[in-house]
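Below: the structure, in structure tokens.
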Amino acid sequence: MKKLSLLMALGLGLGVVGCGDDAKETATTDTGTADTATDTGTGSGSTDTGTADTGTADTGTADTGTADTTPVPTDAQFSGPFSYVWRIQLPQAGTAAECCFDFTGDGVTDNGLGTLTGALGAISPDTDIQATLDSAVADGSIALLLEYAGLDETTKTGATQLWFYLATNDVNGDGSGDQTWDPALKGGEGIFQVQPTSLDADGKPLIKFESASIDSNVLGAGPGDFPLTIPIPGLLTLDVTIKQATIEADVRPEASGIFTNDADIDSDGDGVSEVWGGGKLGGVIPVEQVIGILNDLANDCACAGIAPDAVVIIAGEGTDQYDVACDPNITINDSACTDADGLICGNLSTVCGFAPALPTLGLIDVDTNGNTIPDAISVGLRLSMSGAALAATPVAPAAP
Ligand SMILES: [Ca+2]
Ligand SMILES: [Ca+2]
Ligand SMILES: [Ca+2]
Ligand SMILES: [Ca+2]
């Protein structure tokens with residue numbers, strides 16, 4: 001079960017990706033030639049495989065200035081509105097059509113991480129990652145809060161920044177949640193404090209989409225490449241760049257915050273629909289970043305005879321797949337490692353035994369550098385959200 005913790009960490013990380021489009025809007029004058037063409041074709045470019053654009057042509061004056069990708073931010077951090085993520089779904093392979101985005105351009109949605117959950121289930125039938133996610137949300141160990149900074153105050157629509165916080169419902173710090181959270185109510189009565197671990201030294205959110213919008217009940221953000229920094233106490237600081245990260249959600253602004261309109265979908269074809277979160281969050285994680293994290297963890301495994309500067313896992317694009325293997329010249333004996341040595345050390349032999357099989361699982365499924373060899377892991381999550389509020393003291397005390 002220890003390995004699940006890493007998956008949880010990854011899942012958590014993916015739940016809180018941030019978008020780093022740092023471009024500021026500077027263009028004020030639109031001086032170019034008007035665009036009068038309508039694209040009605042079926043796509044002729046090498047990467048255009050999507051549905052043809054049949055919308056009305058843009059006949060306005062062309063904008064030749066720097067793209068306006070950054071909404072006007074507000075300095076009034078912690079003023080909301082907010083959403084609380086009351087359910088995170090990680091769809092497995094076979095239900096991918098209901099999740100996710102198509103990162104490979106074949107018209108089929110991709111969720112490599114979901115493939116892994118299926119594979120883990122086959123190896124270890126009592127491994128139910130969705131149940132693990134559900135219980136982590138239920139007991140508050142995964143509490144995600146979103147703040148929309150810049151929406152029109154009256155309509156709660158328009159351009160916004162989308163800030164993510166790790167939060168707690170234990171506002172009085174006695175170790176248990178202070179509001180009984182009943183997802184069935186979806187009433188937005190949850191009151192939270194922001195965890196200081198999700199803020200930078202200036203108190204600003206570490207994780208954010210700087211360009212997002214709510215329009216006609218659609219929340220959209222991305223796609224963008226952006227850094228993700230999540231400190232996971234006692235384990236590591238998860239520091240990766242998520243590629244092509246996108247949020248799409250069917251939302252409903254209410255007085256108490258932003259709610260998702262969840263969907264009834266019969267994903268398994270048994271004639272009975274299931275409730276799916278109205279929000280979709282997806283992106284791809286380059287494998288080399290995951291390998292880097294694992295090697296950093298392995299470098300702390302003195303208990304297994306690993307030198308601090310050793311490159312235990314050697315990985316890279318081969319001729320037909322992304323190859324992963326532990327260096328055969330490094331002797332690993334993890335029998336002396338204990339839980340206190342961390343997640344990876346006590347399982348290092350297992351990790352190395354498993355590593356060469358990694359490319360065969362379907363987990364590594366997206367080619368991000370155009371050489372046809374998959375080099376990244378696609379991820380798709382569905383999110384259910386309800387309105388929420390911050391406590392009078394918005395930031396929780398730092399952990400001792
Ligand atoms: Ca695809
Ligand atoms: Ca409490
Ligand atoms: Ca069903
Ligand atoms: Ca590639």
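Within the stretch 391-400, being in a loop (DSSP other than H, G, I, E, B) and among the aliphatic types (A, V, I, L, M) holds for 396, 398, 399. Number of residues in the stretch 277-325 that are in contact (Cβ under 8 Å) with a residue 60 or more places away in the chain, closer than 25 Å to residue 104 by Cβ and part of a helix (DSSP H, G or I): the value is 3.
If residue 181 satisfies all but one of (1) within 16 Å of ligand 2 (Cβ to nearest atom); (2) at pLDDT 85 or above; (3) of a type in the set (Phe, Trp, Tyr), what's the number of the condition it fails? Every condition holds for residue 181 apart from (2).
Residues in the stretch 262-273 include at least one that is more than 16 Å from ligand 2 (Cβ to nearest atom), at negative phi, in contact (Cβ under 8 Å) with a residue 60 or more places away in the chain and in contact with an Asp or Glu (Cβ under 6 Å, 6 or more places away or on another chain).
Restricting the stretch 232-254 to residues that are over 18 Å from residue 214 (Cβ atoms), more than 15 Å from the chain's Cα centre (by Cα) and not β-branched (Val, Ile, Thr), the residue that is modelled with the lowest pLDDT is 233.
Conditions (1) at pLDDT below 90; (2) in contact with a Leu (Cβ under 6 Å, 6 or more places away or on another chain); (3) not in a strand (DSSP E or B), marked per residue:
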{"position": "335", "(1), (2), (3)": "no, no, yes"}
{"position": "340", "(1), (2), (3)": "yes, no, yes"}
{"position": "347", "(1), (2), (3)": "yes, no, yes"}
{"position": "369", "(1), (2), (3)": "no, no, yes"}
{"position": "378", "(1), (2), (3)": "no, no, no"}
{"position": "385", "(1), (2), (3)": "no, no, no"}
{"position": "389", "(1), (2), (3)": "no, no, no"}
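Confirm whether residue 335 is among the hydroxyl-bearing types (Ser, Thr, Tyr), more than 16 Å from ligand 3 (Cβ to nearest atom), in contact with a helix residue (DSSP H, G or I) (Cβ under 7 Å, 6 or more places away or on another chain) and over 30 Å from residue 168 (Cβ atoms). Against the criterion (among the hydroxyl-bearing types (Ser, Thr, Tyr), more than 16 Å from ligand 3 (Cβ to nearest atom), in contact with a helix residue (DSSP H, G or I) (Cβ under 7 Å, 6 or more places away or on another chain) and over 30 Å from residue 168 (Cβ atoms)), residue 335 does not qualify.
Annotation note: of 127, 132, 109, the sole residue that is modelled with pLDDT under 90, more than 16 Å from ligand 3 (Cβ to nearest atom), touching a Gly at 6+ places or on another chain (Cβ under 9 Å) and under 21 Å from residue 221 (Cα atoms) is 109.
The values are calculated or read from the model by the stated rules, or taken from the named source; none is laboratory data. All figures in this text were calculated on a predicted structure; none of them were measured in a lab. So basically every Cβ, Gly included, is an ideal-geometry build from the backbone, and we count neighbours across all protein chains shown.
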